[in-house]
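Below is one structure; the comments refer to it alone.
The values are calculated or read from the model by the stated rules, or taken from the named source; none is laboratory data. Bear in mind that the values here come from a model prediction, so they are computed numbers and not experimental data. Ideal geometry is used to build each Cβ from the backbone, glycine not excepted, and the neighbour counts take in all protein chains shown. To get the accessible areas, we keep the full protein, side chains included, count just its heavy atoms, and leave off ligands, DNA and RNA. Shrake-Rupley method; radii C 1.70, N 1.55, O 1.52, S 1.80 Å.
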Amino acid sequence: MIKLIGILIVIIGATFEFNLLLTILLAAFITGLVGNMEFIAILETIGNAFTTHRFLSTFLLILPLLGLLERRGLHKKVESILRRGKDASVGRILWLYVTMRQLSVALGVLLAGHPLVRSLVAPMAEEAARRQGNLLPSTLDRVKAMAIATENCGNFFGQLLFVASTGGLLVKAAMEQAGYPVSIMKIALYGVPTALAAYAIVVVRCRRLDEALRQEAREAWQD
């Protein structure tokens, strides 16, 4: 069973959002070591897999673009757009964020993710909720949880729409290693229905959250 430790490492890496490729490399090295493989043999195996699937390095081509966008103030622009909706309802704030997040990830533009949610989106949503009236602490916790949920959905279901995403490239490599050739464009296209469904579910949940907040505020006012 110890030889399955690589699966545990990948699960932990995905849970805590560590770098995907580094997590996989670590899992490969540790799995090889517990499988009594020599260190050089592990390097040869990984090297052969890398040269066989050179397209895995495609994502490196977008790094200069991301750096240029950040230098030109992408993050500040996103913050300014979100702040314009500070007087909106909780649902509308979260809807605006998940829309921006999913579209940006689909285009290969990575926003700050959870740090942006914790520092900007969640406080804005919480302030919008407080404007509704006296709400229970559990309701405010629900608002903060929903803010994180929109980030997770927007990022997770949007990233495979980008043809140079590490997740899509990994799927392509795994499929071809198993003898099933598939194009990266087809993988991205297959991700479209799931991304649209996830987006629609988030929008519905945002609307239901607004309705729940209004209902709770009315009940608190009547009491």
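Scanning segment 116-133 turns up no residue that is of a type in the set (Ser, Thr, Tyr) and either at pLDDT 85 or above or closer than 30 Å to residue 185 by Cα (or both).
Taken over segment 134-168, residues that are part of a helix (DSSP H, G or I) and at pLDDT 80 or above amount to 23. Among the residues of segment 170-185, those that are loosely packed, with under 13 Cβ neighbours inside 10 Å and not aromatic (Phe, Trp, Tyr) comprise 174, 177, 178, 179, 181, 183, 185.
Scanning segment 146-181 for residues that are within 29 Å of residue 209 (Cβ to Cβ), of a type in the set (A, V, I, L, M, F, W, C) and in contact with a His (Cβ under 8 Å, 6 or more places away or on another chain) yields a count of 1.
Within segment 98-150, the set of residues being closer than 26 Å to residue 192 by Cα, open to solvent by 50 Å² or more (accessible area, probe 1.4 Å) and in contact (Cβ under 8 Å) with a residue 12 or more places away in the chain comprises 103, 107, 110, 148.
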